[in-house]
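Worksheet: one structure, shown below.
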Amino acid sequence: MSISIAGLPPLAWTGSHGQAEYDAPSGELTLRARAGVDWTNDATGGPAQHEATALAFDAPAGDFALSARARVRGERGTFDAGALAMWSDSAHWAKLCNEYSPQGEAMVVSVVTNEFSDDANGPLLDADAVFLRVARVGEAFAFHFSRDGLAWHFVRVFRLHSPAPLTVGFLAQAPLGAGATAVFDRISFATTTLSDLRDLS
């Protein structure tokens, strides 16, 4: 089944076909991750894991920004997440997550992978949903989060060191649990340039 979302380029899975549905009246995109799937290139030398699949589109060559409100529905297991994700190949990718910690707390987590994954915890969340944004700015990429969709807080800026084409889109993961359902709404995409990465805009 193909999914089309107004305002987004055509969507396709980055890996094997996943489970997703889109409700146009509510603007909700729902992704279901099966048990044990993740993206990780463990910096400590553990096995890489790329069994999760993102529903994504080809990123434009120039600057862009993709944002959405993300939440994980129902009871959550450790590291269950809904994320905005960028994928070039198995050694070059990045994700910005609403993720559940081993301490049972929702938080913003970002992972940038150039061969190995740089995994960083961000702020704890006081609600089940958070707005996430990924953007290209020249040769770099930026991650932001927002509690209200208006004031955007800087998470990190980085580069992906790969000449391969890039896709950007939506990811659900459930590395340790029985599966997870991630819901995205308030989805927005524009070929725009962020003028200042740290001014909350």
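The values are calculated or read from the model by the stated rules, or taken from the named source; none is laboratory data. Quick caveat, the model's predicted, so the values are computed rather than measured. Because the Cβ atoms are built from the backbone with ideal geometry, glycine has one as well, and the counts that use them run over all protein chains shown.
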#### Entry: Conditions (1) closer than 18 Å to L96 by Cα; (2) among the small types (G, A, S); (3) not in a strand (DSSP E or B): number failed by G177
(1)
### Task
Check S195, S88 and return the single one that is closer than 19 Å to F64 by Cα and either within 11 Å of the chain's Cα centre (by Cα) or assigned to a loop (DSSP other than H, G, I, E, B) (or both).
S195
### Message
Please verify whether V157 is assigned to a strand (DSSP E or B), of a type in the set (A, V, I, L, M), without any contact (Cβ under 8 Å) to a residue 60 or more places away in the chain and farther than 30 Å from E75 by Cβ, treating the condition exactly as stated.
### Response
yes
### Query
If you scan region 110-143, which residues turn out to be assigned to a strand (DSSP E or B), free of Cβ contacts under 8 Å to residues at least 60 places away in the same chain and surrounded by 15 or more Cβ atoms within 10 Å (Cβ to Cβ)?
S110, V112, N114, G122, F141, A142, F143
### Query
If you scan region 1-46, which residues turn out to be exposed (fewer than 15 other Cβ atoms within 10 Å of the Cβ), among the charged types (D, E, K, R) and either under 26 Å from V111 (Cα atoms) or in contact with a Gly (Cβ under 9 Å, 6 or more places away or on another chain) (or both)?
E21, D42
### Summary
Checked region 123-175 for anything under 25 Å from D38 (Cβ atoms), modelled with pLDDT under 95 and of a type in the set (D, E, K, R); matches are D128
### Query
Any idea which of (1) in contact with a Ser or Thr (Cβ under 9 Å, 6 or more places away or on another chain); (2) farther than 26 Å from L194 by Cα; (3) charged (D, E, K, R) is the one D38 doesn't satisfy?
(1)
### Message
Yes or no: region 71-93 includes at least one residue that is touching a residue at least 60 places away in the same chain (Cβ under 8 Å), basic (K, R) and closer than 17 Å to A142 by Cα.
### Response
no
